[in-house]
Amino acid sequence: MLALCIIIWLELHLQVLIFSQMTKVLNILEYYLEQRGYSPFRIDGGVSQPERQRQVFSLYSFKCRFIVYS
C-alpha cells in the first residue's frame, strides 16, 4: 500500500511528511525510502534544532520530497 501511495504522490509532484510516534517505524520507513532511491529527511528527538530548521526549510523550498517525523 505504501509503495502505491509513494508512486501516486510522486506523479502528483507532492511533498510528503510521514509521522509516527515510534522511532522503530521511522527506521523502517527511512530504510524503505532509501532502498528506492529517495533521500528522506528524518526529524526526531536526536536531531538538533538548527538541523530541524534546515530540513523543514528544505521541504518548503521543494529541495526534499519526504520527511519522516516523530
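The values are calculated or read from the model by the stated rules, or taken from the named source; none is laboratory data. Since the structure is predicted, the reported quantities are computational estimates derived from the model, not experimental observations. Note: areas computed on protein heavy atoms with side chains; ligands, DNA, RNA excluded. Shrake-Rupley method; radii C 1.70, N 1.55, O 1.52, S 1.80 Å.
Summary of computed values
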{"item": "Residues of segment 1-48 classified as of a type in the set (Lys, Arg) and in a loop (DSSP other than H, G, I, E, B), total", "result": "1"}
{"item": "Single residue of segment 17-49 satisfying the filter (of a type in the set (Asp, Glu) and over 15 Å from ILE7 (Cα atoms)) that is least open to solvent (accessible area, probe 1.4 Å)", "result": "ASP44"}
